[in-house]
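The values are calculated or read from the model by the stated rules, or taken from the named source; none is laboratory data. Please read these numbers as outputs of a predicted model, since none were measured by experiment. Cβ atoms come from the backbone with ideal geometry, glycine included; neighbour counts cover every protein chain shown.
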Amino acid sequence: MPAQLSMMRIFSKGSLNQGGRLYSAIQNYKKETRKYLYFDKEPTIEIDYSSFHPHLIYHQAGLQFDGDDPYEIQGFERDHVKVAFNIMINRKGSKNNKSAAATISEELEVDLLQATALEDAILRLHAPIAGQFNSGAGLRLQRLDSGIEASIVDYFINVLQRPIVSIHDSFVVTVRDIESLILAMDGSYKELLDKDVLMRGVKSTSQVFSEPLTAAINMSFHQLAEEVTPGGWDTLVAKEGIYDPSSIEASEEDVSDA
């Protein structure tokens, strides 16, 4: 329903310089469920920035993360590193307590010794940006990422006049708009950072499509969408039809994850 695509921007702490993300009813669906959204009977795909906040923090400081995955630390589960990293970025420590170990221990349901080891490992890996941890930087980052988000949504709606809905740092578009979205994500990222930086990558989530449509999607990811003619997209989408599962198995997700 169109009403579910209505988005509202919410700022934090009474300031237009903190928060500012767009929220809609769509984000209340689990990622597994969002795979089966259709815009005007066309299948969609969800594309998001890879490890958005870590790379954003580095780029703001004029640095590059020296590695492939900022959430990958030997000896720890990646999901645990991601949760702990976001806790440390969003938490504002007191003068006498700069450690987030107690919060990490509670959220991950691990003992305090393990939580402390994880916090120390993150601080070592990300020493160049260590000053951002436990400083309450999360809302400032949200203000920046929400500006990037709003710029992309504005471009799709007012310039391309194509449907889009955002879930913070990810965007749901029809399969024929993949290349346009990736170019917009890269352009908006560079424009709002005002730096000569490279978007480190994107990742996608979708249902399983037929081989012909999958091939066209892969071409779009390699910026070869012009080789799939508009008539080609129309034919591919028509042949794909609409998948209406009787039930969808979805795992629990932490919708507050940055």
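Look at Met219 and say whether it is over 26 Å from Ala100 (Cβ atoms), surrounded by fewer than 20 Cβ atoms within 10 Å (Cβ to Cβ), assigned by TED's automatic domain parsing to the domain that holds Thr44 and among the hydrophobic types (A, V, I, L, M, F, W, C).
It is true that Met219 is over 26 Å from Ala100 (Cβ atoms), surrounded by fewer than 20 Cβ atoms within 10 Å (Cβ to Cβ), assigned by TED's automatic domain parsing to the domain that holds Thr44 and among the hydrophobic types (A, V, I, L, M, F, W, C).
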Test: residue in the range 139-151 that is closer than 18 Å to Lys82 by Cβ and out of contact with any His (no Cβ under 8 Å at 6 or more places or on another chain): yes
Candidates Thr44, Thr103, filtered to the one that is of a type in the set (S, T, N, Q) and closer than 30 Å to Ser151 by Cα: Thr44
Options Asp40, Asp66, Asp111: the member that is surrounded by fewer than 19 Cβ atoms within 10 Å (Cβ to Cβ) and within 24 Å of Thr205 (Cβ to Cβ): Asp40
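Residues are listed down the side, and each one gets a yes or a no for (1) in contact with a His (Cβ under 9 Å, 6 or more places away or on another chain); (2) under 23 Å from Phe39 (Cα atoms); (3) outside the structural domain of Lys41 (by TED's automatic domain parsing); (4) of a type in the set (Asp, Glu):
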| position | (1), (2), (3), (4) |
| --- | --- |
| Val175 | no, yes, no, no |
| Ile178 | no, yes, no, no |
| Lys190 | no, no, no, no |
| Asp194 | no, no, no, yes |
| Thr205 | no, yes, no, no |
| Val208 | no, yes, no, no |
Residues (in a loop (DSSP other than H, G, I, E, B) and modelled with pLDDT under 90) located in the range 28-39: Tyr29, Lys30
Hits in the range 1-27 - residues which are part of a helix (DSSP H, G or I) and surrounded by 12 or more Cβ atoms within 10 Å (Cβ to Cβ): Gln4, Leu5, Ala25, Ile26, Gln27
Count - residues of the range 76-95 that are of a type outside the set (D, E, K, R), modelled with pLDDT under 95 and not in a helix (DSSP H, G or I): 2
Residue match in the range 189-201 (condition: among the charged types (D, E, K, R) and assigned to a helix (DSSP H, G or I)): yes
Scope the range 69-82; condition under 17 Å from Val202 (Cα atoms) and touching a Phe, Trp or Tyr at 6+ places or on another chain (Cβ under 9 Å); matching residues: Pro70, Tyr71, Lys82
Criterion violated by Trp233 - all others in (1) within 30 Å of Val83 (Cα to Cα); (2) modelled with pLDDT of 90 or more satisfied: (1)
Residue check for Ser135: farther than 13 Å from Ser204 by Cα and not assigned by TED's automatic domain parsing to the domain that holds Lys41: yes
Filter result (crowded, with 16+ Cβ neighbours inside 10 Å and assigned to a helix (DSSP H, G or I)) within the range 124-139: Leu125, Ile129, Gln132, Gly138, Leu139
Subset tally (residues that are farther than 30 Å from Ile178 by Cβ and touching a strand residue (DSSP E or B) at 6+ places or on another chain (Cβ under 9 Å)) for the range 99-155: 6
